[in-house]
Amino acid sequence: MDIEILYRPSYSLAVVKLAANEKIRSDSGAMVSVQNASIETKMEGGLFKALGRSLLGGESMFQNFWLAGPTGGEITLAPELPGDVFMLELKGETYMVQAGSFLASEIGIELNTKISMKAFVAAEGISMLEATGNGKLLLSSYGAIHEKVLAAGEKYTVDTSHLVAFDAGMNVERKTVGGAKSTFLSGEGLVVELTGPGKLMLQSRSQRAFLDWLIPQIPSKSS
């Protein structure tokens, strides 16, 4: 499988070239175009696992499985929101992924909804997706992606609405921004402190901040 990401970082498009009879899994609605590949749509892992991904992980209950023909095939994929697409190649590692950021993966990667204290602390909701296994994982972000690698014991503070994915082995702790006054008046929202070693990915824009700006601009109905 060969993956090329075009038009970064604002309107990224993933071009996936599949070898003969090769398969890739994508989120529902992610396909832009396809050539020489057939589709099978199913609730991967059964009803309860699919419900967990949907209700707690922010993903569709249904996933699409694309199978290339005997001469290979091609599929292009893009997220719903404008922003970046990036690839992680997992080699037995586990990553925590924010709800809504999964785009596609090779079959060797397993996706589970993770309800844990670490996920609760790091996410704006109550859960995150846990991606583990071997293979290529395509994730999306709102805005550009910024990657940070932490050394052992190195600490890094992140606004939770900008945290896309991180190494599941990292320690995560909820923090305040300065004192009580700064916490309530700074506009920085919830923050977490991650401790290395490990890698994390941040998005340069926040859906929450955009909605906070947008909603007051929408005209209300006159009485």
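Nothing in this text is a laboratory measurement; each read-out follows from the coordinates by a stated rule. What you see is a predicted model; the values in this text were computed from it and never measured. Cβ atoms come from the backbone with ideal geometry, glycine included; neighbour counts cover every protein chain shown.
A simple spin-label model places the labels of SER220 and THR94 4.7 nm from each other, with each point 7 Å out along Cα-to-Cβ. Remark: region 99-104, residue by residue, has Karplus-estimated 3J(HN,Hα) of 4, x, 9, 5, 10, 6 Hz, where x stands for each Gly or Pro and the curve is 6.51 cos²θ - 1.76 cosθ + 1.60 at θ = phi - 60°. Cβ crowding within 10 Å ranks MET201, MET1 as MET1, MET201, fewest other Cβ atoms first. Amide H contacts of ALA168: THR94, TYR95, MET96, each under 5 Å away and 5 or more positions distant or on a separate chain (H built 1.01 Å from N in the peptide plane; Pro and chain starts excluded). Evaluating 6.51 cos²θ - 1.76 cosθ + 1.60 at θ = phi - 60° for every residue in region 64-71, the Karplus couplings come out as 9, 10, 9, 10, 6, x, x, 9 Hz, glycine and proline recorded as x.
Full extension of the chain between LYS17 and GLU4 yields a length gain of 3.8 nm, computed as 0.36 nm times the residue separation minus the alpha carbon distance.
Close amide H pairs (under 5 Å, H built 1.01 Å from N) link GLU154 with GLY196, residues at least 5 positions away or on another chain.
In order along region 191-197, the phi-based Karplus estimate (6.51 cos²θ - 1.76 cosθ + 1.60, θ = phi - 60°) of 3J(HN,Hα) comes to 10, 10, 10, 9, 10, x, x Hz; Gly and Pro are listed as x.
Of the cross-linked pairs LYS17/LYS136; LYS91/LYS199; LYS42/LYS91; LYS148/LYS175, those separated by over 22 Å at the C-alpha level are LYS42/LYS91. The length gained by stretching the chain between HIS146 and SER204 to full extension, at 0.36 nm per residue less their Cα-Cα distance, is 20.2 nm.
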